[in-house]
Amino acid sequence: MPDVRWKIGVSGIVQGVGFRPFVYNLAVRLRLAGYVLNNRLGVTIEVQGGEESCTIFKKLLEAEAPPIARIAQVDAVPVQAVEGETAFRILESSALGEELTLISPDNDVCPDCLCEMLNPEDRRYRYPFINCTNCGPRYTIIRSTPYDRPYTSMSGFGMCKQCEAEYHDPGNRRFHAQPNACPLCGPSLSLFDAKWEKVETTDAVRDVAEFLSQGKIIAVKGIGGYHFACDAANAKAVEQLRLRKMRKEKPFAVMAATMEGLRSFAVAGEMEQKLLLSRERPIVLLHKKPGGAVCDAVAPGMREYGVFLPYTPLQHLLFASGAPKTLVMTSGNVSDEPIVFTEDELQDRLAGICDFYLTHDRPIVWRCDDSIVRAHGDSAVCLRRSRGYVPSPVFLGKDVPPILACGGDLKNVFCLSSGKIVFPGPHIGDLWNAAASRSFADAISHFKKIFRITPGLVAVDMHPNYFSSGYGRQLGLPVVEVQHHHAHIASVMAEHRLEREIIGVALDGTGYGADGTSWGG
């Protein structure tokens, strides 16, 4: 039987997740020739060989896809076979021009990397920036697309010979892992005291773990910004953090070292556990358990804690180095301001809050706060959609033009659309101050750049005094005003592809009504 050749388009989140190496190894395993490359909304593949092998390839493409890939659609068409082609290749990403490319959210550290980091015999032992194609930062290090190292904040770190060899070895877990690094060639930690003087140390992580045990407040640089950390069982430390952060009553998030430790102070059912252990690692709202190892000052007057598990190598390393097993791990900001994510902001906005600052030299391209979810039966309700979920798109049932939807002024999230795809932005928060308003405008600019979307229409809340609406009206684009509660219901319809007539109920506290008065729902 002569060889057949198929051209396969895979759309979805398949860039930056080890998909091209996976395709390469699958094709080699099935003795198929051809190529794979990043292109448009995912990857383009051409495979050539026996018809049965090509059929198996397409089946396994979806069944064995990398754990953090999200396949939206697979299209395969027969094309002319290439005479004499015998090898399979990973090609360089094609120039994407103005075309849109999907981007993976940031992912928690995988079990393989975690084992290596805690293995004294491994060359990445205690290295807090360990990653591979199955885990690590994505969205927060991407400056532009396609997702290749020169377009990320890792561009300033040249790989050593060993990392380079891993990167080019198709059989290695770090084959084409863009943030690949090790202690010899990658990012490194620095520790500063409250006066911004560098602390000379042989092990910054062990020192910080000890400081936390002593009741100190530490700023820790994470994936999408800084956290304020302190011992969650130390009432004095927690109260001091409230005073310095100017957060009088709102609850703090708690990070537990393990699932077992979490159960000592909170109630986690089957669905809650599933969410806590998911690759997104969100903050999950859990009912308090009396007498647990968390002081009352963490969530005064509340029935629930916001709890999550470690998701970065550095967080795991802190617990492994002797830090208290329950830590307050709250957004690094002054109350009502966006999370701080640059070193300039750190010194400008967070001075006087912490006793020590644990930072590093891998730039965060854009801030991304922790996500918050609540279990509802067998599903999850997303209360704050950010790290782990952003910038995953919502796929619509029909094409829409390029639109910017500006959202409201409270708990703001903007949105960009292109074709059948909608990109909800990261949680911005309440647009009550200049820092939040700048964050809103800058995040929109960043999304427009990385997704190459130039909106031709802007949708705004009809409230005459919302900052978000004023921003949209001054862009010089055609404007559509949308009533506040109608927008909530319409967004649910779009997400669930509801085309029929429905009755929707939105109980949102307050929103500008069509008659110029405030409506509660």
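The values are calculated or read from the model by the stated rules, or taken from the named source; none is laboratory data. Fair warning: this is a prediction, and the values are worked out from it, not measured in the lab. For neighbour counting, all protein chains shown are included, and Cβ atoms are generated from backbone atoms with ideal geometry for every residue, glycine included. Side chains included, ligands, DNA and RNA excluded: accessible areas come from the protein's heavy atoms. Shrake-Rupley method; radii C 1.70, N 1.55, O 1.52, S 1.80 Å.
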- Task: Just give me the residues in the range 179-207 being touching a helix residue (DSSP H, G or I) at 6+ places or on another chain (Cβ under 8 Å), open to solvent by less than 10 Å² (accessible area, probe 1.4 Å) and either in a loop (DSSP other than H, G, I, E, B) or farther than 29 Å from T152 by Cα (or both), in sequence order.
- Result: P179, N180, A181, C182
- Query: If you scan the range 258-277, which residues turn out to be closer than 16 Å to P111 by Cβ and either modelled with pLDDT under 95 or surrounded by 16 or more Cβ atoms within 10 Å (Cβ to Cβ) (or both)?
  - Reply: L276
- Message: Filter the range 166-204 down to the residues that are within 28 Å of the chain's Cα centre (by Cα) and of a type in the set (A, V, I, L, M, F, W, C) and list them by number.
- Response: F175, A177, A181, C182, L184, C185, L189, L191, F192, A204
- Restricting the range 1-24 to residues that are closer than 20 Å to A177 by Cβ and at pLDDT 90 or above, the one farthest from the chain's Cα centre (by Cα) turns out to be Y24
- Query: What do you reckon, is F467 open to solvent by 60 Å² or more (accessible area, probe 1.4 Å) and among the aromatic types (F, W, Y)?
  - Reply: yes
- Item | Filtered residue count, the range 413-434, keeping only those that are closer than 23 Å to D370 by Cβ and crowded, with 17+ Cβ neighbours inside 10 Å | 13
- Query: Taking the range 300-356 only, how many residues are farther than 20 Å from R387 by Cα and of a type in the set (S, T, Y)?
  - Reply: 2
- Answer with yes or no whether R173 is out of contact with any Leu (no Cβ under 6 Å at 6 or more places or on another chain), under 19 Å from G222 (Cβ atoms), open to solvent by 50 Å² or more (accessible area, probe 1.4 Å) and of a type in the set (K, R). no
- Of the residues in the range 108-148, how many are modelled with pLDDT of 90 or more, within 18 Å of W366 (Cα to Cα) and open to solvent by 20 Å² or more (accessible area, probe 1.4 Å)? 1
- Message: Can you confirm whether G476 is assigned to a loop (DSSP other than H, G, I, E, B), open to solvent by 20 Å² or more (accessible area, probe 1.4 Å) and at pLDDT 95 or above?
- Response: yes
- Item | Residue under evaluation D336, criteria (1) assigned to a loop (DSSP other than H, G, I, E, B); (2) at pLDDT 95 or above; (3) more than 15 Å from the chain's Cα centre (by Cα); (4) closer than 23 Å to P426 by Cα, criterion not met | (2)
- Message: Would you confirm whether or not the range 447-458 contains a residue that is under 23 Å from I141 (Cβ atoms), part of a loop (DSSP other than H, G, I, E, B) and within 24 Å of the chain's Cα centre (by Cα)?
- Response: yes
- Could you please find all residues in the range 389-404 being in contact with a Lys or Arg (Cβ under 9 Å, 6 or more places away or on another chain) and either free of Cβ contacts under 8 Å to residues at least 24 places away in the same chain or assigned to a strand (DSSP E or B) (or both)? F395, L396, G397, K398, D399, V400, L404
- Please tell me if Y357 is of a type in the set (S, T, Y) and open to solvent by 20 Å² or more (accessible area, probe 1.4 Å). no
- Task: Take the range 506-521 and flag every residue that is open to solvent by less than 50 Å² (accessible area, probe 1.4 Å) and not in a loop (DSSP other than H, G, I, E, B).
- Result: G511
- Query: Checking A443 against (1) closer than 26 Å to Y139 by Cα; (2) out of contact with any Gly (no Cβ under 7 Å at 6 or more places or on another chain); (3) among the hydrophobic types (A, V, I, L, M, F, W, C); (4) in a helix (DSSP H, G or I), which test does it fail?
  - Reply: (2)
- Message: Can you tell me which condition V390 does not meet? The list is (1) within 21 Å of the chain's Cα centre (by Cα); (2) under 22 Å from V460 (Cβ atoms); (3) surrounded by fewer than 22 Cβ atoms within 10 Å (Cβ to Cβ), and all the others hold.
- Response: (3)
- Message: Can you confirm whether G429 is closer than 28 Å to I364 by Cα, in contact (Cβ under 8 Å) with a residue 40 or more places away in the chain and among the small types (G, A, S)?
- Response: yes
- Out of the residues in the range 60-89 that are β-branched (V, I, T) and under 21 Å from S392 (Cα atoms), which is nearest to the chain's Cα centre (by Cα)? I68
- So which residues in the range 131-163 are part of a loop (DSSP other than H, G, I, E, B) and of a type in the set (F, W, Y), if there are any at all? Y147, F157
- Message: Regarding the range 371-384, can at least one residue be identified that is within 30 Å of V208 (Cβ to Cβ), free of Cβ contacts under 8 Å to residues at least 60 places away in the same chain, out of contact with any Asp or Glu (no Cβ under 9 Å at 6 or more places or on another chain) and not in a loop (DSSP other than H, G, I, E, B)?
- Response: no
- Considering the range 264-321 alone, what residues qualify as being of a type in the set (S, T, N, Q) and either part of a strand (DSSP E or B) or over 25 Å from the mean Cα position of the chain (by Cα) (or both)? S264, S321
- Residue list for the range 17-76, restricted to those being open to solvent by 60 Å² or more (accessible area, probe 1.4 Å) and not in a helix (DSSP H, G or I): R31, R40, E64, P67, R70, Q73, D75
- Query: Has the range 485-493 got any residue that is of a type outside the set (A, V, I, L, M, F, W, C) and assigned to a loop (DSSP other than H, G, I, E, B)?
  - Reply: no
- Which residues, taken from the range 164-178, are over 26 Å from G425 (Cβ atoms), of a type outside the set (G, A, S), part of a loop (DSSP other than H, G, I, E, B) and in contact (Cβ under 8 Å) with a residue 12 or more places away in the chain? P170, R173, R174, F175, H176
